[in-house]
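As C-alpha cells, the structure follows; a few thoughts come after it.
No lab work stands behind these numbers, since they all come straight from the coordinates. The structure presented is a predicted model; accordingly, all values stated were derived computationally and were not measured. Reconstructed Cβ throughout: ideal geometry from the backbone, glycine too, with neighbour counts over all protein chains shown.
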Amino acid sequence: MDVRAEVVDILAGFALFADLTTPELENLVDIFDEQMFSEGERVVRQGLSSAAFYVILDGAATIRVDGKDRATLRPGDFFGEISCLLGEPPVADIVAERPLRCLVLPAESLEGFLVGHPRVLFRLLQGEARKVRTTTRWLT
Amino acid sequence: MADLINRPFPPGRYPLLVVGSGPGALQLTYCLTRLGVEHAVISADDTPGGMFRKWPIFQRMLSWTKPFADHEKPTRAYERYDWNSLLSDDEQLRAIMPTVMDGTSYFPSRPEMEKGLVTFAQRAGLKVRYGCRWESTRREGDDFVVVTTDGEYRAPAAVFATGVAEPWRPNVLQVEGVQQYGELRAAESYADKRIFIVGKQNSGFEIATGLLPWARQIILASPSPTKLSVDTRSLVGVRARYVQPYEDWALAGGVVILDASIESVEKTGQTYKVHTKSPSGAATDFEVDDVIAATGFVAPLRDLAQLGVATFGASRLPAMTPFWESSSLPGLFFAGTLMQASGGLKKHGIPSNSGAVQGYRYNARVLALHLAATRFGYRPDRPSIRPDEVVAFVLEQASRGPELWHQRSYLARVVETGSGGGMVDAGIQPLAHFVDAGGPDAVAVTLENNGRDDPYPAVYARVKGAVKEHLLAPHPLLEFTGADYQKELADRLQPLLGSALTRSAS
C-alpha cells in the first residue's frame, strides 16, 4: 500500500481529524513531517527550548515529569501543543515506550495550521479540556 | 571503467562491509582506513561519485564552494565555505573542489563534482570493489550476508550508503507517458509545450528552471505552499538558484504556481488532462502536453525491510539511532544521505544537513570513530584542556568549527570531565546523544537556527546528569569570541567548571 494512503487511513480514524474530508486528510500528509523514534528515545525534552506538535500514528509514549512516569499516550493522542502555544520549553519529557511513529508540525507552523483548520482547532480544544479535567481530578 | 582484473575485496568474510561509492561511502572508508579499521567496500557503479554521476539533471550542484573566503585554504575553518570537498587531515586531500572548478560559478558543475570525488579517491588510494552489485541480504548467526553479483560477503556489521535517489511517484501519476525526475527528454524537445510539474520542492523548481527558456507554459502544483530557503533561513524550501520560475509567477510572466492536490490525470491522445482541487475544494482542470512527477525520492533498501529494518515516511527512510544504526536491526548502519533519517533535535523544525555532502561528511567521521571505538577497540585521543581555557575553546568552536556551522543543533563539540578529573576534548558528537545518553559532567556547543535570526551559539551543560541549555545572543558578524561572550559563558559554566574557573578569573 502507498505509504501516504496508509497514513491517510490511520488519520481518518483519529478524533482530532474526524471532521476533515479525504482531500484535507491527504493534504495533512504534505503539511506534517513524519518521524520515527526508537524505544526509550526522548521525543520531547523537558526544559530544552524549541517545540513541535506531535500526533502519534503508531506505538506508545510515556509522559515523564522530573523523572517520574505520569501517563501513557497512544495512537491518536497528541502532545507538544502546550509549549507550542505558550512559546515556552516543554514541562515534561515524552519518551517512546516502544517504536513510535508520529506526524510532526513545528511550533512555528501550528498557528497557521489551526487557523486554517478550525474544526481541528475545536477538537484540539476538546482534548485540552479533557486534560484540564483529568488534572483537576488529580488535584482534588 | 572498473579494473576487472585487480579488483580488491573478493567475496568472503570481513569485520565490516561498506556498500556504496558516493561521497558518503568514500568519506567513511577514508576515515575508517585512517583509524586502522579493516573493512571491505563494494559498489554497483564502476567509478566513484554515486548519484552525482547522473544528477542533478540540469548540471550544477545546489551546494557551493567559494574559491575565495575569509579563511585560507585548506584550513579547517575554510570548510565552512566549501560545502563539497571531502574531509581529510592530510593537506593534499583537503579543499580539492576549488582546485577542479573552472571559476565560472561557485556551484560546481556535475562533472566538476565527479572529478573532485575521483581525485579524492585516487589521491587517498581508496579501495573499492566496483561493478559489484548488492542483490539481496540475509542473516546467518551474528553475520549479515550480502549477496552480490560477485558472490557472498559476510560481516558482523555493515554500512549501507546507497542514497535516497530512487524517484517516487504517487498512484495518481502512474499513467503512461508521465515522466519523472531523472528520465526527462532533452530540454529542447519541450519547445512550445505546456508542461505540468507535480511537486513544488527543489526538484520541481529545478526542472521548471531548466525548461523556462523552452516551454510555452509551466504549471507547478502540489497541496502545500512553496517555501523559499531565503525565507526559512535554512535549507528548508526552494533554493535561490531555482527561484526564477517563482519570480516569473510573481510577475505574471506565464508560470502558474498552484496550491492544489492532483485528483487524476488522463491521457487523451497526445495530451493530458490534469484535474486538480485546491485546499478550499475549488476544482481546476488543465490540458497539457507533458506531465512530470517531481514528487520525491525513496531509499532503495532492497530487502532490508524484510530483514527487520524499520522504515518510515514517504521516502521510506530507515529508522535509526543518533549514531546512524538501525533502531530495529543492530549492527546495520547507514551513511551518506540516508543519515538524514536520524533527525536529531530538529529544533524549530529545521532539519540537519545530513541529506547533503556538507552535512554527512562530518557524520561519516563521527560514525567511523564510533565504529572503531565500539567494535574495534580503538581509543580516541582526548587532549586535555585547562579549566580556565574551556570558555575560550568553546567560543572558538562556535565561531569557526565547520562541523557546528554545517550541522546546526545536530553535531556538537564536547568538552567533558576525564577519568583523571581534568577537562578533556571529547570531540564531535551527535547533540541528541549528548543530551539524552547521560555521562560525566560536560559542556557541548553547537550553532542554532530559529528560522528568523542570525545563527547563535547554543551551549548545553551537563552537571550530575542534568542538562541545562544556554542560548547566547547572535552577533552581526557571526563572531562569538569577544569579551561579552566570554563573560556570559563563564558565568553560565560556573557550576561545571567550579573553583578552577574562579581561580583563573581572579
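With each pseudo-label sitting 7 Å past Cα toward Cβ, what's the B:Gln306-A:Asp30 distance in nm, one decimal?
3.4 nm
Only loop residues by DSSP count here, and only those with at most 16 other Cβ atoms within 10 Å; note down the chymotrypsin sites (Phe, Trp or Tyr not before Pro) in region B:1-83 that meet that. Kindly include the intermediate steps, with their values, before the conclusion.
Numbers: sites: B:Tyr30, B:Phe52, B:Phe58, B:Trp64, B:Phe68, B:Tyr78, B:Tyr81, B:Trp83; in loops: B:Phe58, B:Trp64, B:Phe68, B:Trp83.
In loop regions of region B:1-83 (DSSP not H, G, I, E or B), the sparsely surrounded chymotrypsin sites (Phe, Trp or Tyr not before Pro) are B:Phe58, B:Phe68.
Kindly list the residues of region B:118-148 that lie in the label zone of B:Ala44, defined by a backbone N under 19 Å from the point 7 Å along the Cα-to-C-beta vector.
B:128-138, B:145-148
Report, in degrees rounded to the nearest 10, the 0 to 90 angle that the Cα long axis of helix A:118-139 makes with the longest principal axis of chain A.
Between the helix axis and the principal axis of chain A, the angle is about 20 degrees.
Specify the angular offset, from 0 to 90 degrees and rounded to the nearest 10, of the alpha carbon long axis of helix A:3-12 from the longest principal axis of the alpha carbons in chain A.
For A:3-12 against chain A, the angle is about 70 degrees.
Taking R0 as 56 Å, what's the FRET efficiency between B:Asp150 and A:Leu121 from their Cβ-Cβ distance, rounded to 0.05? Before the final figure, lay out the partial values.
On the way: r = 58 Å, r/R0 = 1.04.
Computed FRET efficiency for B:Asp150 and A:Leu121 comes out at 0.45.
Lys and Arg at +1, Asp and Glu at -1: add these up for the other residues within a Cβ distance under 13 Å of B:Met423 and post the number. Let's see the in-between values first.
Values: positive: B:Arg382, B:Arg386, B:Arg413, B:Arg462; negative: B:Asp388, B:Glu389, B:Glu416, B:Asp425, B:Asp441.
For residues surrounding B:Met423, the net value is -1.
Just to be sure I understand the model, the point goes 7 Å from the Cα along the line to the Cβ. What's the resulting B:Asp484 to B:Ser264 distance in nm?
6.3 nm
State the answer as a single residue: which of A:Gly67, A:Val44, A:Pro23 lies farthest towards the positive end of the charge dipole of region A:13-73, with beta carbon charges of +1 for Lys and Arg and -1 for Asp and Glu, about the Cα centre.
Farthest towards the positive end: A:Gly67.
For a paramagnetic label modelled at 7 Å from the Cα of A:Arg137 toward its Cβ, which residues of region A:51-80 fall within the zone defined by backbone nitrogen distances under 14 Å?
Answer for region A:51-80: A:71-72.
Report the label-to-label distance for B:Thr374 and A:Glu39 in nanometres (one decimal), using points 7 Å from each Cα along the Cα→Cβ vector.
For the pair B:Thr374/A:Glu39, the computed spacing is 1.7 nm.
Counting other Cβ atoms within 10 Å, keep those with at most 15, restrict to DSSP loop, and tell me which GluC sites (Glu not before Pro) in region B:420-506 are left.
Working: sites: B:Glu448, B:Glu469, B:Glu479, B:Glu488; in loops: B:Glu479.
Listed in order of number, the matching sites are B:Glu479.
Got a sec? How would B:Cys132, A:Cys84 order by Cβ neighbour count within 10 Å, fewest to most? Walk me through the numbers on the way to the answer.
Numbers: B:Cys132 27, A:Cys84 22.
Least crowded to most crowded, the residues run A:Cys84, B:Cys132.
Please give the helix A:22-31 orientation as an angle from the longest Cα principal axis of chain A, in degrees from 0 to 90, rounded to the nearest 10.
Roughly 60 degrees, rounded to the nearest 10.
Multiplying the sequence separation of A:Thr21 and A:Ile82 by 0.36 nm and subtracting their Cα-Cα distance, what value in nm do you get? Before the final figure, lay out the partial values.
Details: separation 61, 0.36 × 61 = 21.96 nm, distance 2.65 nm.
So the extension gain works out to 19.3 nm.
How many percent of the alpha carbon pairs in the protein assembly as shown exceed a separation of 39 Å? Mind dumping the intermediate values first?
Working: 70784 of 208335 pairs.
Beyond 39 Å sits 34 percent of the P(r) for the protein assembly as shown.
Within region B:130-271, what percent of beta bridges assigned by DSSP are antiparallel, to the nearest 5? Could the numbers behind the result be given before it?
On the way: 12 of 22 bridges.
Approximately 55 percent, going by the DSSP bridge assignments.
Using the structure shown, select from B:Lys115/B:Lys347; A:Lys68/A:Lys131; B:Lys115/B:Lys227; B:Lys200/B:Lys267 the pairs with a Cα to Cα distance greater than 26 angstrom. Can you show the working numbers first?
Numbers: B:Lys115/B:Lys347 36 Å; A:Lys68/A:Lys131 18 Å; B:Lys115/B:Lys227 32 Å; B:Lys200/B:Lys267 22 Å.
Over 26 Å Cα-Cα: B:Lys115/B:Lys347; B:Lys115/B:Lys227.
Can you list which of the DSSP-assigned H helices in chain B have a Cα extent of 24 Å or more along the long axis and an average Kyte-Doolittle score of at least -0.5? Could you put the intermediate results ahead of the total?
Details: long enough: B:357-375 (26 Å, -0.02).
Span-like helices in chain B: B:357-375.
For A:Phe32, A:Phe78, B:Phe334, what's the fewest-to-most ordering of other Cβ within 10 Å of each Cβ? Present the calculation step by step, with values, prior to reporting the outcome.
Numbers: A:Phe32 22, A:Phe78 19, B:Phe334 32.
With the fewest neighbours first, A:Phe32, A:Phe78, B:Phe334 line up as A:Phe78, A:Phe32, B:Phe334.
What ranking of B:Val291, B:Val175 emerges when the number of other C-beta atoms within 10 Å of each C-beta is taken as an exposure proxy, fewest first?
Values: B:Val291 25, B:Val175 16.
Fewest-to-most ranking of B:Val291, B:Val175: B:Val175, B:Val291.
Can you pull out the trypsin sites (Lys or Arg not before Pro) in region B:168-271 whose DSSP state is coil and whose Cβ has at most 10 other Cβ atoms within 10 Å?
On the way: sites: B:Arg185, B:Lys193, B:Arg194, B:Lys200, B:Arg216, B:Lys227, B:Arg233, B:Arg239, B:Arg241, B:Lys267; in loops: B:Arg185, B:Lys193, B:Lys200, B:Arg216, B:Lys227, B:Arg233, B:Arg239.
Those satisfying the criteria are B:Arg185.
Nearest 5 is fine: what % of DSSP beta bridges in the protein assembly as shown come out antiparallel, could you say?
On the way: 82 of 110 bridges.
That works out to approximately 75 percent antiparallel.
Between B:Ser109 and A:Ala60, what FRET efficiency follows from the Cβ-Cβ distance if R0 is 56 Å, with the result rounded to 0.05? Don't skip to the answer; put the middle values down first.
Values: r = 50 Å, r/R0 = 0.89.
The pair B:Ser109/A:Ala60 has a calculated efficiency of 0.65.
Given a Förster distance of 60 angstrom, what is the FRET efficiency for B:Asp89 paired with B:Val175, based on the Cβ-Cβ distance and rounded to 0.05? Kindly include the intermediate steps, with their values, before the conclusion.
Working: r = 52 Å, r/R0 = 0.87.
For R0 = 60 Å, the calculated efficiency reads 0.70.
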